[in-house]
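Since every read-out is calculated from the coordinates, none of them should be taken as a lab result. What you are looking at is a predicted structure, and each value in this text was computed from that prediction instead of being measured. Virtual Cβ from ideal backbone geometry, glycine too; neighbours counted across all protein chains shown.
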Amino acid sequence: MKRNSHTLRLFICCLFSLTFIGLLLWLTPLPPPAGANTGASTSASSASGAQTCTFTINPASRNFEAGGGSSGVAVTASAPSCAWNASSSLNWVNLTSGASGTGNGVAAFSVAANTGAARTGAITIAGQTFTLNQSAVSGPAGLQY
């Protein structure tokens, strides 16, 4: 009788273990397929051969005084082989370096002095929109034109 008791205990133990392992396997999510989008992102993406590239820029905007100035925007790429470019159609913004790059980099630009009303514009860097705001020129006693 003892032999049957041990056999029954072993059978129940094995059955419980297999059920538990099966439950764990059923509850464990499978990894996404290669190249699949795994979540929400505010970055731009482009296909570079078989590789999908995503980009983020920092900062996303900048304010300038009427006198103008220069600044840079950091580009972070998902892989070192991801190519990006920057472009501006604004006549008061000039890309000074980093108009194109591969992997992480910096797009640098200058903003001309403003001689009129406040203005806002945007340039494209690595598929992202970078917003520029420039204040109006001030006249005598702080009056703005």
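The orientation-averaged projected area of the convex hull spanned by the Cα atoms of the range 64-132 comes to 4.2 nm².
For the range 44-142, DSSP calls about 90 percent of its internal beta bridges antiparallel. Taking 17 Å as the cut-off, the amide N atoms of the range 68-82 that come nearer than this to a point 7 Å along the Cα-to-beta-carbon line of Gln51 belong to 75-82.
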